[in-house]
Amino acid sequence: MDQMNRTDSLTEGESIANLGSEEKSGSTALETFKDDVAGKLHAAADVIQQKASQNQNSPAAAYAGQAARWLDGAAEYVQKADPQKFKTEIQSQVRRNPGRSLLIAGAAGLLLGFLVRR
């Protein structure tokens with residue numbers, strides 16, 4: 001019986017260790033995803049900026065430059081974003097305003113359904 005308790009204890013310890021490694025790998029995967037998104041946003045901003053500098057006489061060049069700056073800002077925001085902070089903020093918003101949260105979720109669902117149907 002003492003051997004059974006040791007086996008149960010070992011299994012629980014292994015499970016806890018595996019859980020910790022899963023959280024770390026999830027965090028790493030999230031960091032990798034954030035870096036990929038930020039890199040693609042920076043790349044898109046660079047392409048837009050190059051096209052805008054090639055066509056400086058065009059009236060759209062100023063708008064393209066502004067869009068490139070916005071994309072760079074978005075890339076920096078994505079890199080600095082803390083997902084745990086977002087999660088806690090969203091949870092507190094939903095707890096404080098559940099009705100509004102349901103309306104927003106419903107509107108987003110309808111919009112996505114409309115877009116997917118087309």
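The values are calculated or read from the model by the stated rules, or taken from the named source; none is laboratory data. Note that the structure is predicted; figures quoted are calculated from it, not measured. No Cβ is skipped: glycine too gets one built from the backbone with ideal geometry, and neighbour counts run over all protein chains shown.
For the stretch 102-118, a residue qualifies if it is of a type in the set (A, V, I, L, M) and surrounded by fewer than 11 Cβ atoms within 10 Å (Cβ to Cβ), and the qualifying residues are Ala107, Ala108, Leu110, Leu111, Leu112, Leu115, Val116. Within the option set Gly13, Gly73, Gly99, Gly39, being at pLDDT 90 or above and loosely packed, with under 12 Cβ neighbours inside 10 Å holds for one residue only, Gly99.
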